[in-house]
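Here, each number is a calculation from the coordinates, and none is a lab measurement. Keep in mind the model is a prediction, meaning the values are calculated, not measured. For neighbour counting, all protein chains shown are included, and Cβ atoms are generated from backbone atoms with ideal geometry for every residue, glycine included.
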Amino acid sequence: MTLQFENKVALVTGGVHGMGHAAARLLAQGGARVAIADINAKGVEEAARALAPARAIGIPTDISKADQVQAMVERATKELGPIDIFINSAAVLDSRLFLESTKADWDRMFGVGIYGPMNCLHAVLPGMVERGYGRVLCMASDAGKVGQSGHSYYAASKGAVIALVKSIAQEVGRHNITVNGISPGSVDTPLREGRNQELRSKLGDEKFERRSAAIEKSHPLGRTGQPEDVAGLMAFLVSEQARWITGQIYSVNGGAVMI
C-alpha cells in the first residue's frame, strides 16, 4: 500500500532524528510538504535538506515555550501552506526513582512531554477546525499505560498524553479531524543511545550488557526496535486510509507489552 500525501502540509516536531524523522521521510516520499521542528537548531536545517527532493523547511523550536510554538506554526503556514498533518514526536528521556526525583525533574519532563503537545495543539487545531480537516498524531509510551519503575515522571507525562489524545479526539471529530497516539517500545534512537551511554558509565560494561540482553529477551520478537519499525504506522495514521480511526493508542513494541 502506497500512502499518498500530495497537496498536504505536515508539521513534525522532534523531527531531526529517530521516529520523527523516519515518519517525516515517509510523508515527504508520499508528496507532502514538510516542516521539521526541533530544539536542535543546528540539526533541523540538515534534517529538512535530507528530505529532498520534497519541499521541506527546518524550524528551530522549543515546544515547551508557547510563543515559540506559535511562531513555528506561523512560519510553517507562511512558507508551506495551512497545516493538514501534525505529528508530535518531540521528547526528553530521563530516569530517577520517584523518591529521588525533584520538582525540576518533573517540570522539565512535563514541559516537553505534556505542555509541549498542548501548546502545539492549541496552535494547529483552530486552523484545522476552520478548514474542516486535520490529522493529528502524538507519541505516547507504554509506560503511560502500565507505569515504569525509575521513570515515574516520564510515565506520568505519557499517561497525560494518552488522556489528552482521547479527550481531544472526542471534541474535534465532528470537524473531520482525527487524533491518535502511538506507544513505542524500546526503539534505538539517538535519545535512547544517549541515555544508554549514561547507564553504561554508571553500571559498568558487564552490568550494562546484561541489562541490554535482558531487555532484548523481554521482546518476543527478540530485538529492540528501529525508527522505521514505528514510522510506517505513524504515516498510516495521518493518511486518508486511516480516516475512520480516532482516539486510539497503538502499541508498537515488539510484543514487550501486550494490553
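For the chain, the residue among ALA235, MET118, THR246 whose Cα projects farthest onto the positive side of the dipole built from Cβ charges is THR246.
Just tell me, in residue order, which DSSP H segments of the chain are both 24 angstrom or longer along the helix axis (alpha-carbon based) and at least 0.0 in mean Kyte-Doolittle hydropathy. Both cut-offs are met by 115-131, 152-172. With K and R counted +1 and D and E -1, the other residues having a Cβ less than 13 Å from that of LEU237 yield a net charge of +1. Within the shell of other residues whose beta carbon sits under 13 angstrom from the beta carbon of ILE83, the net charge comes to +2, with Lys and Arg scored +1 and Asp and Glu -1. With springs only between Cα atoms under 10 Å apart, run a GNM on the chain and tell me which of GLY15, GLY132, GLY185 wobbles the most. Greatest mean-square fluctuation among the candidates belongs to GLY132. Each Lys or Arg adds one and each Asp or Glu subtracts one; over the other residues with Cβ under 10 Å from the Cβ of HIS151, this totals +1. Across segment 112-182, Cα-Cα pairs farther apart than 15 Å form 52% of the total. Separation of segment 84-108 and segment 224-259, taken as the distance between their Cα centroids, equals 21 angstrom. Cβ crowding within 10 Å ranks THR189, THR102 as THR102, THR189, fewest other Cβ atoms first.
Counting only the Cα atoms, the chain fills a convex hull of 126 Å³ per residue.
Structure remark: mean-square fluctuation, Gaussian network model of the chain, C-alpha springs under 10 Å; the largest value among ILE245, ILE87, ILE177 belongs to ILE245.
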